[in-house]
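Engineer: Following this message is one structure expressed as structure tokens.
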Amino acid sequence: MLRATVVDDSEDLVSAVLADFSPVAIHDLAERPLPPGGLWDPTYPPIPDPPPAPLHWNVCFNEAGERDRAADAIHDALPLLTIERVDLPDEDWAARSQQSLTAVRAGSFIIAPPWDLPPEDVDATVIVIEPSMGFGTGHHATTRMCLRLLSDLDVVDMTVLDLGTGSGVLSMAAALMGARSVVGIDVDQDAIDSAEASANLNTLPDSITFQVSDFRHQPPPPADIVLANLTGGMLTSSAASIAALVRPHGQMILSGFDHTQADRVLAAFAPFTERQRLSEDNWVALLLHQ
Ligand code: SAH
């Protein structure tokens, strides 16, 4: 992970630089120091709302090498920013998430770890995900919103492309909804391995395939529905190549960005227009059509 302390006017530049890399997650955390006597300390001036800059951006990568290249690129663009490089052991992440994960509902789906399967007669389509290296256990708002938007689409006989499939959850959902073919791609071999492992825990039609690739360099064949839960920076900078993967009259579900980035993402995808917008925990998901 890298931690950058950014100030307001550097956020766009950091986001643009990060778009050249493949972070798996970006969290921005406001620095909000507590007064010495706690929140109600009357001797301390009130904390401004919104809180003062700077913000800490915690940006997670699959590999330390990629993180270091991104940190160097940010440093070249903005030499005054403070950037820390932090190693997060993979096992910790997996172990921590395994302990606490329970099944969650999103749209017409329930995403369940193998140890918390819902009863067989539950009124939802169950997708079993083995929490491991792939992002997408259903515990992040962006995954759930993509599933909610997908639940309302007519997917039967459509071709579907899932850019940045992570755990494979969105691909599996589309396959279970009756898609004619589903291709889930991810730049990270660990993600594809975990998607394949989870796919084996489910009874899926053979319309689904996973492959390791970077859609920016090895574009897959276009599809009727393109799912892309990436980052705001990557969606904005790769909008033209993503839009080129949508067949005529097709639709796109985009997520991985917050309210402050939503309009920029939308503008980058013109002439696609917004059909539906969801938001949860400050994250946004968009359904776009031509
Ligand atoms: N689709 C899942 C996972 C989203 S996380 C869900 O909705 O929960 C985003 C994933 O995109 C990560 O697994 C990351 O490795 C992958 N990714 C990032 N940049 C990519 C690129 N350029 N090409 C393919 N995959 C990419």
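The values are calculated or read from the model by the stated rules, or taken from the named source; none is laboratory data. Keep in mind the model is a prediction, meaning the values are calculated, not measured. Every residue, glycine as well, gets a Cβ built from its backbone with ideal geometry; the counts of neighbours run over all protein chains shown. Side chains are part of the model used for accessible areas, which takes the heavy atoms of the whole protein and leaves out ligands, DNA and RNA. Shrake-Rupley method; radii C 1.70, N 1.55, O 1.52, S 1.80 Å.
Engineer: Could you list all residues from the range 179-201 that are among the charged types (D, E, K, R), open to solvent by 40 Å² or more (accessible area, probe 1.4 Å) and under 19 Å from the mean Cα position of the chain (by Cα)?
Structural biologist: Listed by number, the residues that qualify are D190, D193, E196.
Engineer: Within the range 96-103, can one find any residue that is away from the ligand (no atom under 12 Å from the Cβ), in contact with a helix residue (DSSP H, G or I) (Cβ under 6 Å, 6 or more places away or on another chain), of a type in the set (A, V, I, L, M, F, W, C) and over 22 Å from I26 (Cα atoms)?
Structural biologist: Among the residues of the range 96-103, not one is away from the ligand (no atom under 12 Å from the Cβ), in contact with a helix residue (DSSP H, G or I) (Cβ under 6 Å, 6 or more places away or on another chain), of a type in the set (A, V, I, L, M, F, W, C) and over 22 Å from I26 (Cα atoms), which makes the answer no.
Engineer: Ok, one more. How about the range 182-195: which of its residues are charged (D, E, K, R) and in a loop (DSSP other than H, G, I, E, B)?
Structural biologist: D188
Engineer: What pairs come out if I take residues in the range 274-289 that are farther than 21 Å from D224 by Cβ and open to solvent by less than 50 Å² (accessible area, probe 1.4 Å) and pair them with residues that are of a type outside the set (A, V, I, L, M, F, W, C) and part of a strand (DSSP E or B) whose C-beta lies under 8 Å away, six or more apart or interchain?
Structural biologist: Listed by first residue and then by second, the contacts come to V284/S255; V284/D258; V284/R277.
Engineer: Listed residues P248, P219, P205; which is touching a residue at least 24 places away in the same chain (Cβ under 8 Å) and within 13 Å of the ligand (Cβ to nearest atom)?
Structural biologist: From the options P248, P219, P205, the qualifying one is P219.
Engineer: Next up: Out of the residues in the range 119-131 that are open to solvent by 30 Å² or more (accessible area, probe 1.4 Å) and in contact (Cβ under 8 Å) with a residue 12 or more places away in the chain, state the one that is farthest from the ligand (Cβ to nearest atom).
Structural biologist: By that ranking, first place goes to V122.
Engineer: Within the range 150-178, can you find the residues that are open to solvent by 10 Å² or more (accessible area, probe 1.4 Å) and more than 9 Å from the ligand (Cβ to nearest atom)?
Structural biologist: S151, D152, L153, D154, V156, D157, M158, T159, L176, M177, G178
Engineer: Another one. Got a number for residues in the range 249-290 being of a type outside the set (S, T, N, Q) and within 19 Å of G107 (Cα to Cα)?
Structural biologist: Residues that pass the stated criteria total 15.
Yes/no matrix, rows are residues, columns are (1) under 20 Å from the mean Cα position of the chain (by Cα); (2) at pLDDT 80 or above:
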| residue | (1), (2) |
| --- | --- |
| L34 | no, no |
| N58 | yes, no |
| R85 | no, yes |
| Q99 | no, no |
| V104 | yes, yes |
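Engineer: If you don't mind, there's one more thing I want to ask. Return the residues of the range 135-177 that are without any contact (Cβ under 8 Å) to a residue 24 or more places away in the chain and on the phi > 0 side of the Ramachandran plot; say none if nothing qualifies.
Structural biologist: If the condition is that a residue be without any contact (Cβ under 8 Å) to a residue 24 or more places away in the chain and on the phi > 0 side of the Ramachandran plot, then D157 is the only one that fits.
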